[in-house]
Amino acid sequence: MQPKIETNPYAWVERSLETIRRAGWYREPEIIEGSPGAVVLKDGREMLNFASNDYLGLAGDPRLIEAATKAINTFGTGATGSRLLSGHRILHQELETAIAQLKQTEAALVFSSGYLANMGTISAIVGQRDLILADQYNHSSLKNGAILSLAHINEYLHNNIADVKKQLQEHRHQYRRCLIVTDSVFSMDGDICQLPELLELADKYNCMVLVDEAHATGVFGATGAGCVEHYGCTGKPLIQIGTLSKALGSLGGYVAGSQAIIDFLRNRAPSWIYTTGLSPGDTAAALAAVKIIQGEPERRAQLWTNVTHMKNNLIENLHPEFQLLPSDSPIICVQVSSIDILLRVKAQLLAAGIFVAAVRPPTVPTSRLRLTVMATHTT
């Protein structure tokens, strides 16, 4: 008996949405009014903002706004084409030089988003004959870049060096190339990877390492270069990826590494070759931000003071019903036992003038309040 064919080929969409609603997974964007900052306007009310990745408070900084405005007046609002056609501007080159100097790498390449940087880089440097070892808690962009590459993907237990070593011993010899992929700061937990140990294994088993510094750039390290600098791994062979949209207060992504890697990506990364270049305003704002994080280390110091203050208060005052998850970063997560409780607590916090992110499956395995601290918060 042949299956019944529906007359409406889109009928499945409503059924799928209903399943999402029943599971408590349905989400909608929340409107923020006015300028970003430690205090924001939402629904006409002032809210203490713990839902932003603007760790250094630069997204509303007058210097970034001035830089973006000047660039728009000079170069217009859009790059108008891919970088290899008509979209390349001197600002792109200046930003790439500044990022390479910050990261102390030979070169850097700017993408139109961090997601595109991850997708394009991973899919360019490995293929069907290769192996990817990836942390199970990696960001979606890393996971989808791995899928797009068509390489064989093995996930290892989160932050578990013993499991990485075991998998390398069992599988590395079966593949042409191997790429170890990890976030440096895990965006939904706040813990950080064990980069020195990963690099040691990579050296022993002839592997490349790609680390996503999205939530670490501007935050970790003596100069704000990220976890690579924090761990004393600057100059070691690896590929660094990150965004311009978090501590750098703008939009876009980057890859930093050897000149050869950057030259290769410029010729082989599809998400760089076939997309419009980063807009002049975003590029100029990010360039201004790189200069600020290098010139104002006190901003980063204040961020870490605030992180300590927040964690200490939560440790002392958190209700026994909730669990503070381990964190080494400005991302602080409070685990909640169910989606219903999570949404109720978020509503109570909003009523009290506190804006936090309520993160739930399938984004994370367990429901949690995700609080992010900024340098511009006051005690």
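The values are calculated or read from the model by the stated rules, or taken from the named source; none is laboratory data. Predicted model, so just to flag it, every value in this text is computed and none were measured. Please note: Cβ atoms are built from the backbone with ideal geometry, for glycine as well, and neighbour counts cover all protein chains shown. Ligands, DNA and RNA are stripped out before the accessible areas are found, and what is left, the full protein with its side chains, is counted by its heavy atoms. Shrake-Rupley method; radii C 1.70, N 1.55, O 1.52, S 1.80 Å.
Points to keep in mind about this one:
- Of the candidates GLY76, GLY57, GLY81, the single residue that is open to solvent by less than 20 Å² (accessible area, probe 1.4 Å), farther than 28 Å from PRO330 by Cα and not charged (D, E, K, R) is GLY81.
- Residue match in the range 136-147 (condition: under 22 Å from LEU201 (Cα atoms), surrounded by fewer than 23 Cβ atoms within 10 Å (Cβ to Cβ) and without any contact (Cβ under 8 Å) to a residue 24 or more places away in the chain): yes
- When ALA108 is tested against (1) open to solvent by 90 Å² or more (accessible area, probe 1.4 Å); (2) closer than 23 Å to GLN294 by Cα; (3) among the hydrophobic types (A, V, I, L, M, F, W, C), just one condition goes unmet, and that condition is (1).
- Residue selected from the range 70-101 under the condition among the basic types (Lys, Arg) and assigned to a loop (DSSP other than H, G, I, E, B), by the criterion nearest to TRP272 (Cα to Cα): ARG83
- Residue within the range 25-36 that is loosely packed, with under 14 Cβ neighbours inside 10 Å and touching a helix residue (DSSP H, G or I) at 6+ places or on another chain (Cβ under 7 Å) present: yes
- Residue in the range 294-305 that is buried (at least 20 other Cβ atoms within 10 Å of the Cβ) and either without any contact (Cβ under 8 Å) to a residue 40 or more places away in the chain or of a type in the set (Val, Ile, Thr) (or both) present: no
- Residue, nearest to ASP189 (Cα to Cα), within the range 155-175, restricted to residues that are touching a helix residue (DSSP H, G or I) at 6+ places or on another chain (Cβ under 8 Å) and open to solvent by 30 Å² or more (accessible area, probe 1.4 Å): LEU157
- Apart from one condition, LEU133 fits all of (1) under 30 Å from GLN93 (Cα atoms); (2) buried (at least 22 other Cβ atoms within 10 Å of the Cβ); the exception is (1).
- Scanning the range 124-157 for residues that are polar (S, T, N, Q) and either under 16 Å from VAL209 (Cβ atoms) or in contact with a Lys or Arg (Cβ under 9 Å, 6 or more places away or on another chain) (or both) yields a count of 3.
- Contact map, the range 91-111: first residue within 15 Å of ILE241 (Cβ to Cβ), second residue among the charged types (D, E, K, R) and open to solvent by less than 30 Å² (accessible area, probe 1.4 Å), Cβ cut-off under 6 Å, separation 6 or more or different chains; pairs are ALA108/GLU96; VAL110/GLU96.
- Set SER184, SER245: member being closer than 29 Å to PRO297 by Cβ and surrounded by fewer than 22 Cβ atoms within 10 Å (Cβ to Cβ): SER245
- Residue within the range 253-264 that is part of a loop (DSSP other than H, G, I, E, B) and buried (at least 24 other Cβ atoms within 10 Å of the Cβ) present: no
Listed here are the residues, each with its yes/no results for (1) β-branched (Val, Ile, Thr); (2) crowded, with 17+ Cβ neighbours inside 10 Å.
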{"residue": "ILE331", "(1), (2)": "yes, yes"}
{"residue": "VAL336", "(1), (2)": "yes, yes"}
{"residue": "ARG344", "(1), (2)": "no, no"}
{"residue": "LEU349", "(1), (2)": "no, yes"}
{"residue": "VAL359", "(1), (2)": "yes, yes"}
{"residue": "THR363", "(1), (2)": "yes, no"}
{"residue": "THR372", "(1), (2)": "yes, yes"}
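- Check on ALA67, open to solvent by 20 Å² or more (accessible area, probe 1.4 Å), within 28 Å of LEU350 (Cβ to Cβ) and either outside any loop (DSSP other than H, G, I, E, B) or at pLDDT 95 or above (or both): no
- Counting only helices (runs of 4 or more DSSP H) that sit completely within the range 125-217, those holding 2 or more residues that are within 25 Å of ARG268 (Cβ to Cβ) and among the hydroxyl-bearing types (Ser, Thr, Tyr) correspond to 140-149.
- Qualifying residue in the range 10-21 (condition: of a type in the set (Gly, Ala, Ser), in contact (Cβ under 8 Å) with a residue 12 or more places away in the chain and open to solvent by less than 100 Å² (accessible area, probe 1.4 Å)): no
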